[in-house]
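Participant: My questions will all concern the structure given below.
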Amino acid sequence: MTDPAPQVPDPDAMPLISRELQLRIVSGVAVGAIALAVLYWGSVPFAILLAAIAGAMSWEWGRIVRGGDTDIFTVLHIATAVAAALLASFGMAGLAVALIAIGAITVAALAAGSGYAGLTGAGVLYTGLPVIALEWLRSDGALGWLAVLFVLISVVVTDTAAYFTGRGVGGPKLWPAVSPNKTWSGLLGGVTAAALAGALFPYATGSGSPVWMAALGLFLGLIAQGGDLAESALKRHFGRKDASELIPGHGGFMDRMDGVVTASVAAALIALAVEAYNPARALLYGG
């Protein structure tokens, strides 16, 4: 008796988009729509959303670095990040930065001798500073939400273009020891797309300088890819694939916010250097 012939999947019956990718798209669109709606709604609602995300990321950081259940370091981490977001929403960004610095030093000191003191303190900076940066930009009058929107667009466009360019073109790997799927072609495609998005943004919104924003988009895209690689290196060091399972199909908030973390802080530093009292205008129009 002969064995039955192996079943070969019918290409016509196979879905064009896998179920996992469908889940990623649906959850990604849902999260993005909520974020954009709250961003446009106002500075205070946006600060509340940022506080919630910062709290989730603080929990994920402790889960990666220390493992196990929530501990006193995680509680202090979450409390510091949430308090910083609320302080920034009331126009006290400087005080919020001071709080983050004190929180980082405090948790690192409490964790001294544990083997993870440095990373425990660094986590407070990692989750707190981007929250302050985004809220500081958002609170700058009518242009605030556009400044934050551009930061987010730069990151999303870079990630999306890098993914499809890398898959379509391929070529040498960017940093295989940390992120085996990223390529140099993907990086080039991502930052090029971010520069193009920057050049088009002023025509779509009526705000900003095209040449300045093209350069800014390229720079923020590059910084965002650095943040992505840094988070990948952290997870690989601790043997983690995802920060958590809080976002279906995407992993955790750290997995989705890694580029935003670095790009938002870089954007705030640029705005601070150009004109501290009008950060959104400074970011959109330059010097």
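No value in this document is a laboratory result; all are computed from the given coordinates. All of these numbers come straight from a predicted model, not from anything done at the bench. Counting neighbours? That spans all protein chains shown, and the Cβs are built from the backbone with ideal geometry, glycine included.
Participant: For region 40-65 and region 236-263, write down the distance between their C-alpha centroids in whole Å.
Facilitator: First find each Cα centre; the distance between them is then 13 Å.
Participant: Taking the Cα centre as origin and putting +1 on Lys and Arg beta-carbons and -1 on Asp and Glu beta-carbons, what dipole magnitude results for region 218-287, to the nearest 20 debye?
Facilitator: So the dipole magnitude of region 218-287 works out to roughly 80 debye.
Participant: Could you put 237, 77 in order, starting from the residue whose Cβ has the fewest other Cβ atoms within 10 Å?
Facilitator: 237, 77
Participant: With each run of n ≥ 4 DSSP H residues scored as -39500 (n - 2.57), what mean residue ellipticity at 222 nm is computed for the chain after dividing by its residue count and rounding to the nearest 500 deg cm²/dmol?
Facilitator: Taking each H run of at least 4 residues, the total per residue is -25000 deg cm²/dmol.
Participant: Could you put 232, 58 in order, starting from the residue whose Cβ has the fewest other Cβ atoms within 10 Å?
Facilitator: The most exposed by this proxy come first: 232, 58.
Participant: Hey, another quick one. Residues of region 271-287 with amide nitrogen under 12 Å from the 7 Å Cα-to-Cβ point of residue 209?
Facilitator: 274-275, 282-287
Participant: Please give the Cα centre distance for region 162-224 versus region 93-126, rounded to the nearest Å.
Facilitator: Here the two parts' Cα centres lie 32 Å apart.
Participant: Let me ask something else about it. List every DSSP H helix in the chain whose Cα atoms extend 27 Å or more along the helix's own long axis and whose mean Kyte-Doolittle hydropathy is at least 0.5.
Facilitator: Result, helices passing both filters: 19-41, 43-65, 117-138, 144-169, 184-205, 210-237, 253-274.
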